[in-house]
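Down below is the structure, laid out as C-alpha cells.
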Amino acid sequence: MDSNIMRSTSLIIFLLTFFIVAASPHAKSQSEPLVIAIDADFTAVAVEGGIAIKRGVELAVDEINARGGVLGRHLTVVTKDHRGNPARGLHNIETVSKDPNLLAVIGGVHTPVVLAEVEAIHKNNVLMLVPWAAGTPIIDNGYSPNNIFRVSVRDSEAASVLIEHAKQKSIKHVALVLERTGWGRSNLASLKKAAAQQGIAITSIHWINWQQKSFAEDISAIKNSEAQAILLVTNVPEGVVVLDEMAQQGIASMPVISHWGIASGQLAEKLNTPIGSFDISVLQTFHFSKPKTEKAKQLLDAYYKKYGIVDKTTINGVTGLAHAFDLTHLIAAAAEKAASIRVDKLREALESLENVEGAVKVYTPPFTSEKHDALWSDDYFMTKFNEQGHLETMD
C-alpha cells in the first residue's frame, strides 16, 4: 500500500478515535455544568421558605458563574419539590444522586423530611447542605464520615436563646407548644434542659399535629395555668391555629416566644386577627437591617437587581435566603480547594476551609471534621413582627 495512503488512513483512524472518545459520556460530562440540586417545599406549607432558599442559591450561582464557575465549569440549579413529604424527599434524593454532575443537594425547611433522608444521603454518598431545618439529629446523625453540613439554627443551641429571652422579659413560668414531629421532639429535650439551667418552670407541654384545625382545649388549659408565656415550635399553618385560638379566648396579649418556623411564610395574611394584636418574638440568625459583613450588603444589592427593589423588611424567609447563599459559596470554595467534585474530597475540603466571608458572618472556620454546624447561639437573636407582619430587629 502506498505510504501516503497509509498515513492518510492512520490519520483518519486517529481522528475518528479522538472524536469517539470526546463524544463519550464521561468526556461530555466534564464539559457540562455542575449541578446544585434543591430539595425543598415549593407548593405546600413552607413555600416562602422554599422560594427564599432557591433565590439564595440562584444569587450565589450568578456570582460564581460570573467569575468563571467552579473548576472551569458553570453551575446550574435544579429544583425538586418535596411538598413537606418525607417520601417525596427520599425520591428526590434517589433521583438527583444519579447525576454525575451533582455537586451537592441543598435541603429545605422541614426537619422531618431531612431526617427521613439521612440514610439515603449516606447510602448514595451525596452531600447535603442544610440552610433551614434545625433538628439537632440532622447533624448528630451517627454517620462517620458525615455527609451533612448546616448553616442554620441548631435546636440544642436555639433553646438557650429562647429561654434567655423569656428570662429577660421577667417570665418565670412558660407553656410549651410543639409540633408533633421530629423537630418538635428535638426542641422538647433542649428546652427542658435550658429551662432547668436558667430557673424557668415549664408548666405544661402541648402537642399539635400537622394540619390540626382546633387547639381550643390546649389554649384553655394554658389560660387557666400559671403560664406567663408560650414557647412555640411550629410552622405557619399550626402557628396560625394556636394564635387564632389565643385571640378567640382573649389571651392574644400573652407573650409568644417562637422558634423561627412561623417565619417561613405569610403568617400575618393567614391570621384571622391582626398580627399587631399579638406579642410575638421570633428567633432569627440574619436580617438585612443588621448586616455583619459587606457580603450582606452585596447580597441585598444583587437581590434588588434580580428580583426587584422592595422594602428589605418585606423579603420573606430572609434567613433561608442568606444561609443558602453562603452554603452555595462554601461548596464552590470547597470544590476549588479540592480540585475535585468527588464527595470524599469535597467533604474534606469543607471541613478544612478557613476564613470565609459570607452574608451571615465571617466563618472562622465554617466547619471542622467534628463540627458540621456553622452557626451557634452567639449567632442568634430575637426579632418581632411589625404591624404589617414583617420581622424587625429588636435593638
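Readers should treat all values here as calculations from the given coordinates under stated rules, not as data from a laboratory. Here the structure is a predicted model, which is why all the values come from computation and not from measurement. Cβ atoms come from the backbone with ideal geometry, glycine included; neighbour counts cover every protein chain shown.
Ignoring lysines fewer than eight residues from K290 along the same chain, the ones with Cα atoms less than 19 angstrom from its Cα are K312, K361, K384. Let me know the shape class of the stretch 308-395, please: from the alpha-carbon gyration tensor, a ≥ b ≥ c as square roots of the eigenvalues, rounded when a/c is under 1.5, otherwise prolate if a/b is greater than b/c, or oblate. Here the stretch 308-395 falls in the prolate category. All distinct Cα pairs of the stretch 195-250 go into the 1/r average, and the inverse of that average, the Kirkwood radius, is 12.1 Å. Here the stretch 219-356 has an Rg and Dmax of 20.1, 62 Å, counting Cα atoms alone. In the calculated pair-distance distribution of the stretch 22-130, the portion above 19 angstrom amounts to 45 percent of the Cα-Cα pairs.
Karplus-derived 3J(HN,Hα) values for the stretch 185-198, using 6.51 cos²θ - 1.76 cosθ + 1.60 with θ = phi - 60°, are 5, 4, 6, 4, 4, 6, 5, 4, 5, 5, 5, 5, 5, 9 Hz; glycine and proline are entered as x.
As a rough footprinting exposure proxy, the listed residues M246, M394 were ranked by other beta carbons within 10 Å of their own, and the order from fewest upward is M394, M246. Pair-distance distribution P(r) for the stretch 106-257, from all Cα-Cα distances in 10 Å bins starting at 0: 11, 37, 32, 15, 5, 0 percent.
Candidate cross-link partners of K123 among the lysines, defined by an alpha-carbon separation under 19 Å and a same-chain spacing of 8 or more, comprise K98, K345. Placing a label point 7 Å from the Cα of D378 along the Cα-to-Cβ direction, the residues of the stretch 263-290 with a backbone N closer than 17 Å are 285-286.
Close amide H pairs (under 5 Å, H built 1.01 Å from N) link N85 with no residue at least 5 positions away or on another chain. Given in Å, the Rg to one decimal and the Dmax to the nearest whole number for the Cα atoms of the chain are 24.0, 105.
Largest GNM mean-square fluctuation among R180, R67, R55, using the chain with Cα springs under 10 Å: R67. Specify the angular offset, from 0 to 90 degrees and rounded to the nearest 10, of the alpha carbon long axis of helix 294-307 from the longest principal axis of the alpha carbons in the chain. Taking Cα atoms only, the helix is inclined about 80 degrees. Spin-label pair E354-T43: with each label point 7 Å from Cα along the Cα-Cβ axis, the two points sit 4.7 nm from one another. Once C-alpha pairs closer than 8 Å and six or more residues apart are averaged by separation and normalised to the residue number of the chain, the relative contact order reads 17 percent.
List the longest stretch of the chain that has no exposed loop site; here a site is one of the GluC sites (Glu not before Pro) assigned by DSSP to anything other than H, G, I, E or B, with at most 12 other Cβ within 10 Å.
Values: sites that count: E226, E354, E370, E387.
Free of exposed loop sites, the longest segment is 1-225.
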